[in-house]
1. In the range 27-49, how many residues are within 30 Å of L80 (Cα to Cα) and either loosely packed, with under 13 Cβ neighbours inside 10 Å or among the small types (G, A, S) (or both)?
2. In the list I17, I24, which residue meets the criterion of being surrounded by 13 or more Cβ atoms within 10 Å (Cβ to Cβ) and within 23 Å of S58 (Cα to Cα)?
Amino acid sequence: MLNEHEQANIKTRLRKISGQINGIEKMVDEKRYCVDVLQQVMAARSALNQVALIILESHTKSCVVTAIQENRTEESVKELVDVLARFTK
């Protein structure tokens with residue numbers, strides 16, 4: 001579960017990403033050079049990946065640790081591996 005600081009950090013990052021997406025849409029409307037648009041898409045993707053990593057770290061430090069302490073290690077590790085597999089696609 002995210003703590004208040006992590007939640008605030010993620011919300012700030014998501015607002016910035018939203019601005020990036022709006023900027024990309026504007027670039028497309030303005031028929032900007034494709035490579036410039038692609039660079040902005042890659043930057044937005046990278047920013048989303050950073051948000052995902054923050055959430056993943058928080059999940060691991062809280063939910064996974066709790067599951068291990070409650071003797072649900074196998075279930076928790078499987079879920080974590082499944083999430084990582086989807087994340088890396």
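Throughout, read-outs are computed from the coordinates displayed, never taken from laboratory work. Note that the structure is predicted; figures quoted are calculated from it, not measured. All Cβ positions, glycine included, derive from the backbone under ideal geometry; neighbour counts span all protein chains shown.
1. Result for the range 27-49: 7.
2. The unique qualifying residue is I17.
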